[in-house]
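**Student:** Before I ask anything, here is the structure I am working with.
The values are calculated or read from the model by the stated rules, or taken from the named source; none is laboratory data. Predicted, not measured: the structure shown is a model, and the values here were computed from it. Positions of Cβ are generated from backbone atoms using ideal geometry, with glycine treated the same way; all protein chains shown enter the neighbour counts. Protein only, heavy atoms only, side chains kept; ligands, DNA and RNA dropped before computing areas. Shrake-Rupley method; radii C 1.70, N 1.55, O 1.52, S 1.80 Å.
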Amino acid sequence: MALHIEIQHTKKSKIDSVDFDNLPFGSVYSDHMLECDFVNGAWKTPVIKAYSPISLDPSSKIFHYGQSIFEGMKAYKDADENTLLFRPLENFKRLNKSAERLMIPAIPESIFMDGLKKLLEIDNQWIPKNEGSSLYIRPFMFASGNGFHASPADAYKFIICTAPSGAYFAGEIKVLIEEKYARAANGGVGFAKAGGNYAAQFYPTQLAIEKGYNQVIWTDDNTHEYIEEAGAMNIFIRINDTLITSPTSDRILDGITRKSIIQIANDLGLSMEVRKITVSEVITAAQAGSLQEMFGAGTAAVISPISGFGYQNTDYDLPKVAASYASLLKKTITDLQTNKTEDPYGWRVQL
Ligand code: PLP
Ligand code: COI
């Protein structure tokens, strides 16, 4: 049976005020949003309505105990203006994995997928057509139930908002390898897309920005010897012709871009290793001239090349590689996402 969604169209579209040729990232919002409440032990009928503020009791547990998780996805238009998603079920599954860890009730697949498809049908004109732009999709869930007792809430909201967006980073990024702070710990919530993971990154990232870097490279919380993630991206490092990325763990987000890149790199015949990588291995490679590339990978940032990094008061520049793996992999994955090439994996979902 098809999911029943209540639809309340906006009275006035804002689309004419948007400059689709100069889109920022994630700060212009489409006309509608989907909202669904979990109350009395059940998810209620989702509503698609005008993008608008939400009203919450000051004692809502989201404000006090941070029970909040999110996802990040994108919708694309191909040359024939078909609407495309990339591996959306992976986002759905990961949201519920995050939900389980944060004691938030699982969202049913029909509300997530059918709700998203309906929202994209209604706001279809908001999906950018320009190359390099897409509709960033932000599904999220949080504790709307109230009480100062430090225990899970009895009510939650699931919302999907969308934002026509351009690039996340303006250009290449310079990163600082973190020696003191950690974004995640064993047994913690690093593998989940919990809002608090990002809040905890802001302070160390600000310290890095003040030193002239754009992002922090997260190392393991125990020894700070192992390279784990690059800000809100998974990290890839090329030494000679081998591409290396860390294995996922309690501390590392199982990125959909990351696992797609691993598959594509293998299928392109690149030497691809998923293994732990130490800071000292990277420094040794930089000193020997064998460190070729570093890049971050994620939905928002796609593939973002790193131009240099700092570690223990020394800066290391990466060489400008002519035919970089970053550009080859970026082209391969974005061509696949936007229907410019065949999709041998079945990752692309046309609505
Ligand atoms: N790592 C972190 C901490 C992230 O927030 C993200 C963003 O979603 C990623 C990695 C990349 O994951 P994905 O490729 O699924 O977007
Ligand atoms: C994404 O890549 O979609 C993310 O969720 C990163 C975000 C913090 C901007």
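**Student:** Could you check residue 275 against (1) touching a Phe, Trp or Tyr at 6+ places or on another chain (Cβ under 6 Å); (2) under 30 Å from residue 346 (Cβ atoms) and say which number it fails?
**Tutor:** (1)
**Student:** Another question about this same structure. Give the residues of the range 1-55 that are touching a Pro at 6+ places or on another chain (Cβ under 8 Å), within 13 Å of residue 162 (Cβ to Cβ) and outside any strand (DSSP E or B), sorted by residue number.
**Tutor:** Residues satisfying the conditions are 18, 23, 28, 30.
**Student:** Right, next: With the structure loaded, tell me whether residue 165 is modelled with pLDDT of 95 or more and more than 20 Å from residue 48 (Cα to Cα) or whether it fails that test. Steps first, answer last, please.
**Tutor:** Working: modelled with pLDDT of 95 or more: yes; more than 20 Å from residue 48 (Cα to Cα): yes.
Judged against the criteria, residue 165 is a match.
**Student:** Run down 187, 196 and say which single residue is on the phi > 0 side of the Ramachandran plot and open to solvent by 10 Å² or more (accessible area, probe 1.4 Å).
**Tutor:** Numbers: 196 fails: on the phi > 0 side of the Ramachandran plot.
Result: 187 is the single residue among 187, 196 that is on the phi > 0 side of the Ramachandran plot and open to solvent by 10 Å² or more (accessible area, probe 1.4 Å).
**Student:** Hey, can you tell me all the residues within the range 240-276 that are in a loop (DSSP other than H, G, I, E, B), modelled with pLDDT of 95 or more and either surrounded by fewer than 21 Cβ atoms within 10 Å (Cβ to Cβ) or within 16 Å of ligand 2 (Cβ to nearest atom) (or both)? Step through it out loud before you land on a result.
**Tutor:** Just the residues of the range 240-276 that are in a loop (DSSP other than H, G, I, E, B), to begin with: 240-241, 246-248, 250-251, 253-255, 268-270, 275-276.
Filter again for modelled with pLDDT of 95 or more, leaving 240-241, 246-248, 251, 253-255, 268-270, 275-276.
Scanning the range 240-276 gives 240, 241, 247, 248, 253, 254, 255, 268, 269, 270, 275, 276.
**Student:** Still on this structure, please answer the following. Among the numbered criteria (1) open to solvent by 50 Å² or more (accessible area, probe 1.4 Å); (2) in contact with a helix residue (DSSP H, G or I) (Cβ under 6 Å, 6 or more places away or on another chain); (3) in a strand (DSSP E or B), which one does residue 138 miss?
**Tutor:** Among (1) open to solvent by 50 Å² or more (accessible area, probe 1.4 Å); (2) in contact with a helix residue (DSSP H, G or I) (Cβ under 6 Å, 6 or more places away or on another chain); (3) in a strand (DSSP E or B), the lone unmet condition for residue 138 is (2).
**Student:** Additional query: Regarding the range 81-88, can at least one residue be identified that is within 15 Å of the chain's Cα centre (by Cα), assigned to a loop (DSSP other than H, G, I, E, B) and in contact (Cβ under 8 Å) with a residue 12 or more places away in the chain?
**Tutor:** Of the residues in the range 81-88, the ones within 15 Å of the chain's Cα centre (by Cα) are 85-88.
Next cut, assigned to a loop (DSSP other than H, G, I, E, B) only: 87.
Checking the rest, the ones that are also in contact (Cβ under 8 Å) with a residue 12 or more places away in the chain come to 87.
For the range 81-88, residues within 15 Å of the chain's Cα centre (by Cα), assigned to a loop (DSSP other than H, G, I, E, B) and in contact (Cβ under 8 Å) with a residue 12 or more places away in the chain: present.
**Student:** Another question, if that's okay. Hey, does the range 25-41 have a residue that's farther than 24 Å from residue 193 by Cα and exposed (fewer than 14 other Cβ atoms within 10 Å of the Cβ)? Outline the logic, then answer.
**Tutor:** Pass one, the range 25-41, residues farther than 24 Å from residue 193 by Cα: 31, 40.
Still in the running and exposed (fewer than 14 other Cβ atoms within 10 Å of the Cβ): 40.
Looking for residues that are farther than 24 Å from residue 193 by Cα and exposed (fewer than 14 other Cβ atoms within 10 Å of the Cβ), one finds at least one in the range 25-41, hence yes.
**Student:** Related question: Residues being over 15 Å from residue 299 (Cβ atoms) and of a type in the set (Lys, Arg): count how many of those fall in the range 228-262.
**Tutor:** So the count comes out to 2.
**Student:** Here is a further query. If you check residue 213 against the conditions, is it of a type in the set (Ser, Thr, Tyr), assigned to a loop (DSSP other than H, G, I, E, B), crowded, with 17+ Cβ neighbours inside 10 Å and more than 16 Å from ligand 2 (Cβ to nearest atom)? Steps first, answer last, please.
**Tutor:** Details: of a type in the set (Ser, Thr, Tyr): yes; assigned to a loop (DSSP other than H, G, I, E, B): yes; crowded, with 17+ Cβ neighbours inside 10 Å: yes; more than 16 Å from ligand 2 (Cβ to nearest atom): yes.
Yes: the conditions hold for residue 213.
**Student:** Considering only residues that are among the polar types (S, T, N, Q) and either not in a helix (DSSP H, G or I) or not assigned by TED's automatic domain parsing to the domain that holds residue 309 (or both), which ones fall in the range 170-204? Break it down into steps so the answer makes sense when it comes.
**Tutor:** Going through the range 170-204, the residues among the polar types (S, T, N, Q) turn out to be 186, 197, 201.
Residue satisfying the conditions is 186 alone.
**Student:** From 225, 229, 273, grab the single residue that is in contact (Cβ under 8 Å) with a residue 40 or more places away in the chain and more than 11 Å from ligand 1 (Cβ to nearest atom).
**Tutor:** Numbers: 229 fails: more than 11 Å from ligand 1 (Cβ to nearest atom); 273 fails: in contact (Cβ under 8 Å) with a residue 40 or more places away in the chain.
Going through 225, 229, 273 in turn, just one is in contact (Cβ under 8 Å) with a residue 40 or more places away in the chain and more than 11 Å from ligand 1 (Cβ to nearest atom): 225.
**Student:** Cβ-Cβ below 8 Å, separation at least six or inter-chain, first residue in the range 62-80 and at positive phi, second open to solvent by 30 Å² or more (accessible area, probe 1.4 Å) and modelled with pLDDT of 95 or more: which pairs?
**Tutor:** Taking only residues 6 or more apart or on different chains, the pairs are 66/196; 66/199.
**Student:** Checking the condition open to solvent by 10 Å² or more (accessible area, probe 1.4 Å) and assigned to a strand (DSSP E or B), which residue from 157, 97, 117, 93 passes?
**Tutor:** On the way: 97 fails: assigned to a strand (DSSP E or B); 117 fails: assigned to a strand (DSSP E or B); 93 fails: assigned to a strand (DSSP E or B).
When all the criteria are applied, what remains is 157.
**Student:** Another question, if that's okay. Restricting to the range 42-73, what's the tally of residues that are within 16 Å of ligand 2 (Cβ to nearest atom) and open to solvent by less than 20 Å² (accessible area, probe 1.4 Å)?
**Tutor:** Narrowing the range 42-73 to residues within 16 Å of ligand 2 (Cβ to nearest atom): 66, 68-73.
From the residues that got through so far, the ones that are open to solvent by less than 20 Å² (accessible area, probe 1.4 Å) too are 69, 71-73.
Here the count works out to 4.
**Student:** It is to be established whether one or more residues within the range 167-189 are more than 16 Å from ligand 1 (Cβ to nearest atom), touching a Phe, Trp or Tyr at 6+ places or on another chain (Cβ under 8 Å) and over 18 Å from residue 310 (Cβ atoms).
**Tutor:** So far as the range 167-189 goes, no, none of its residues is more than 16 Å from ligand 1 (Cβ to nearest atom), touching a Phe, Trp or Tyr at 6+ places or on another chain (Cβ under 8 Å) and over 18 Å from residue 310 (Cβ atoms).
**Student:** Shifting gears a bit: For the list (1) within 16 Å of ligand 2 (Cβ to nearest atom); (2) in contact with a helix residue (DSSP H, G or I) (Cβ under 6 Å, 6 or more places away or on another chain), I need the number of the one condition that residue 228 fails.
**Tutor:** It fails just one condition, (2).
**Student:** To continue, here is another question. Does residue 301 satisfy being more than 16 Å from ligand 1 (Cβ to nearest atom), over 18 Å from residue 220 (Cα atoms) and surrounded by 20 or more Cβ atoms within 10 Å (Cβ to Cβ)?
**Tutor:** Numbers: more than 16 Å from ligand 1 (Cβ to nearest atom): no; over 18 Å from residue 220 (Cα atoms): yes; surrounded by 20 or more Cβ atoms within 10 Å (Cβ to Cβ): yes.
Judged against the criteria, residue 301 is not a match.
**Student:** Would you check which residues across the range 246-269 are polar (S, T, N, Q) and touching a Gly at 6+ places or on another chain (Cβ under 9 Å) and list them?
**Tutor:** If we filter the range 246-269 for residues that are polar (S, T, N, Q), which is where we start, we get 246, 248-249, 257, 260, 263, 266.
248, 249, 257 - these are the residues of the range 246-269 that are polar (S, T, N, Q) and touching a Gly at 6+ places or on another chain (Cβ under 9 Å).
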